[in-house]
1. Looking at the range 218-228 only, could you name the residues that are within 12 Å of Arg269 (Cα to Cα) and out of contact with any strand residue (DSSP E or B) (no Cβ under 8 Å at 6 or more places or on another chain)?
2. Arg120 passes all but one of (1) in a loop (DSSP other than H, G, I, E, B); (2) in contact (Cβ under 8 Å) with a residue 24 or more places away in the chain; (3) of a type in the set (Lys, Arg); which number fails?
3. May I ask you to verify whether Gly21 is modelled with pLDDT of 85 or more, of a type outside the set (Lys, Arg) and buried (at least 21 other Cβ atoms within 10 Å of the Cβ)?
4. Across the range 179-191, what is the number of residues that are open to solvent by 10 Å² or more (accessible area, probe 1.4 Å) and either in a strand (DSSP E or B) or touching a residue at least 60 places away in the same chain (Cβ under 8 Å) (or both)?
5. Pull up the range 34-54, narrow it to residues that are in contact with a Phe, Trp or Tyr (Cβ under 8 Å, 6 or more places away or on another chain) and outside any loop (DSSP other than H, G, I, E, B), then point me to the one that is modelled with the highest pLDDT.
Amino acid sequence: MTETADVLNLAERTRVLLVTGMSGAGKSTALKALEDLGYEAVDNMPLRLLKRLLKFKDREEGDDRPLAVGIDSRTRAFDADGVVETVREINRAGGVEARILFLDCSGEELTRRFSETRRRHPLAQDRPAADGIARERELLAPLRLAADILLDTTDFTFHDLRRNVTTKFSPPRSTVRLTVTLMSFGFARGIARDADLVFDMRFLANPHWVDDLRPLTGRDPAVGAYIAADPAFDEAFAKIADLLATLLPAYQREGKSYLTVAFGCTGGRHRSVYVTERMAAHLRESGYDPTVVHRDLGPVADAATPGVPERESVKA
């Protein structure tokens with residue numbers, strides 16, 4: 001079986017994932033990444049409650065989310081051999097497949113991480129972190145030996161770990177997508193503060209200066225036709241679309257969950273609105289499902305926006 005097939009098969013079959021490993025190796029980050037993938041994540045749950053939780057989920061209708069359970073040496077009544085046996089019992093019972101993800105890390109790197117964050121190791125409250133790390137490695141040895149997936153995070157950044165977890169546990173034909181918001185706005189009322197990417201559309205012909213188009217918005221066909229007729233429009237739109245085609249998958253691979261792309265013009269009524277609507281249609285054809293927000297689309301104001309010159313407040 002190829003590596004890709006292994007990953008898809010792993011994500012498809014695994015309904016219970018026990019996430020464990022060395023303190024400081026990234027368990028919390030892994031659980032958050034799994035939660036973003038659609039797992040129901042529970043951290044530090046007593047082992048004796050795991051079987052009860054599984055039975056409860058079996059009876060729960062309409063919730064088929066896989067379960068990720070964080071267990072480590074801090075867990076009440078922790079027993080590594082007991083965890084391994086519980087996983088075996090779940091698998092023997094059939095119907096649900098349980099696996100163990102073990103996060104490991106070198107002792108030197110763990111010591112550095114605890115020193116930098118000024119956290120105390122859970123097994124070395126009054127001793128050097130190295131003592132707690134050695135003790136924990138001994139306690140977790142049965143889990144490491146039984147692990148189905150072993151990730152050594154010694155050389156991982158936060159983003160490296162998220163990317164590895166996402167790659168290994170994304171559902172096949174994943175419905176977990178980057179959430180994309182397309183926003184139009186007017187520079188006259190301030191730049192979109194929550195935007196990740198901003199494109200300035202003020203180089204396009206401005207419908208505001210056409211009397212018949214001024215009362216309309218970028219949603220109206222006449223305004224759209226006027227903007228699209230600008231010789232600069234087609235090439236600029238195509239280049240922005242190509243850029244997004246490159247960036248959106250890359251953002252998703254890096255574990256980014258939300259992305260806001262903003263298009264601005266002077267007043268936020270004509271050019272930015274039209275481009276936002278056109279780009280949304282283009283992205284839908286490419287398989288995305290963007291949310292569209294027109295921040296400044298409202299009635300044309302005769303009075304100036306406070307702090308903005310009157311002429312600027314109504315231009316688009």
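1. At the first step, the residues of the range 218-228 found to be within 12 Å of Arg269 (Cα to Cα) are 218-220, 223-224.
Arg219, Asp220, Val223, Gly224 - these are the residues of the range 218-228 that are within 12 Å of Arg269 (Cα to Cα) and out of contact with any strand residue (DSSP E or B) (no Cβ under 8 Å at 6 or more places or on another chain).
2. (2)
3. When the stated conditions are applied, Gly21 passes them.
4. Taking the range 179-191 first, the residues open to solvent by 10 Å² or more (accessible area, probe 1.4 Å) are 179, 181, 183, 187-191.
Now drop any that are not either in a strand (DSSP E or B) or touching a residue at least 60 places away in the same chain (Cβ under 8 Å) (or both), which leaves 179, 181, 183, 187-189, 191.
So the answer is 7.
5. From the range 34-54, those in contact with a Phe, Trp or Tyr (Cβ under 8 Å, 6 or more places away or on another chain) are 34, 37, 39, 47; that's our starting set.
Narrowing the set further to residues that are outside any loop (DSSP other than H, G, I, E, B) leaves 34, 47.
On the way: Leu34: 91, Leu47: 70.
The extreme case among them is Leu34.
Residue by residue, here is whether (1) under 17 Å from Val19 (Cβ atoms); (2) open to solvent by 10 Å² or more (accessible area, probe 1.4 Å); (3) assigned to a helix (DSSP H, G or I) holds:
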residue: Arg92; (1), (2), (3): no, yes, yes
residue: Ile100; (1), (2), (3): yes, no, no
residue: Glu116; (1), (2), (3): no, yes, yes
residue: Arg127; (1), (2), (3): no, yes, no
residue: Gly132; (1), (2), (3): no, no, yes
residue: Arg135; (1), (2), (3): no, yes, yes
residue: Glu138; (1), (2), (3): no, yes, yes
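Matching residues to (1) at pLDDT 95 or above; (2) assigned to a helix (DSSP H, G or I); (3) in contact with a strand residue (DSSP E or B) (Cβ under 8 Å, 6 or more places away or on another chain); (4) more than 25 Å from Thr167 (Cβ to Cβ):
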position: Ile240; (1), (2), (3), (4): yes, yes, yes, yes
position: Leu243; (1), (2), (3), (4): yes, yes, no, no
position: Leu248; (1), (2), (3), (4): no, yes, yes, no
position: Gln252; (1), (2), (3), (4): no, yes, no, no
position: Lys256; (1), (2), (3), (4): no, no, no, no
position: Val273; (1), (2), (3), (4): yes, yes, yes, yes
position: Val293; (1), (2), (3), (4): no, no, yes, yes
position: Arg311; (1), (2), (3), (4): no, yes, no, yes
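Okay, residues lined up against (1) buried (at least 22 other Cβ atoms within 10 Å of the Cβ); (2) among the small types (Gly, Ala, Ser):
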position	(1), (2)
Ala222	no, yes
Asp234	no, no
Arg269	yes, no
Thr276	yes, no
Ala281	no, yes
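The values are calculated or read from the model by the stated rules, or taken from the named source; none is laboratory data. Computed from a prediction, not measured in an experiment: that's the story for all the values here. Backbone-built Cβ (ideal geometry, glycine too); neighbour counts: all protein chains shown. Note: accessible area is taken over every heavy atom of the protein model, side chains too, but ligands, DNA and RNA are not part of it. Shrake-Rupley method; radii C 1.70, N 1.55, O 1.52, S 1.80 Å.
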